[in-house]
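A.B. asks: Questions regarding the structure given below will be posed in turn.
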């Protein structure tokens, strides 16, 4: 469907009469949609007008809308400032392990800049099911909100108690250390 001069003239006439976009689309026919009418009216910069729905409400009540009430100043409620949790102290790894020397059950917590020659990983024994040792797991898995009740110690206990590959002695060690 193309917008011919005749169709544009009809659009302008009906728009000026206050017809709705759907009514104009129906009058123009040719599978035209109300959105196409609205789009063309905006491109033609036809005057803004009161919505036909609002016009219908005025006709029903028979009165003009009252003057708008003065707007009260909105006061925003100050939200409490959440302080960041202090970082969990992490013990320093003794020597570290290069990436090529990492084995299963070794902590993969990085130390240093990967571009530097002295870059290494923690290398301590990792907690079952996690890539980090107990100290680094506490740093990595901190709770993000106060709503969460599970802290890092509880997380490690829960993780250890659900791990099937830990011996009883390892479970006792994890529970005792937390």
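Read the figures in this text as sums done on the coordinates, not as results from a lab. Only a predicted model underlies this, so the values are computations on that prediction, with no experimental measurement involved. Here Cβ is always computed from backbone atoms with ideal geometry, including for glycine, and neighbour counts include all displayed protein chains.
A.B. asks: Using a 10 Å cut-off on Cβ atoms, rank the peptides 136-143, 36-43, 97-104 from the highest mean neighbour count down.
C.D. replies: My ranking of the peptides, most packed first, is 136-143, 36-43, 97-104.
A.B. asks: Right, something else. What spacing in nm lies between the two simple spin-label points modelled at residue 117 and residue 139, each 7 Å away from Cα in the Cβ direction?
C.D. replies: 2.5
A.B. asks: If each residue of separation counts as 0.36 nm, what is the full-extension length gain between residue 9 and residue 100 once their alpha-carbon separation is subtracted?
C.D. replies: 25.0 nm
A.B. asks: Could you work out how far apart the two model spin labels at residue 34 and residue 22 are, taking each label as a point 7 Å from the Cα in the direction of the beta carbon, and quote it in nm?
C.D. replies: Reported label-point gap for residue 34 and residue 22 is 0.4 nm.
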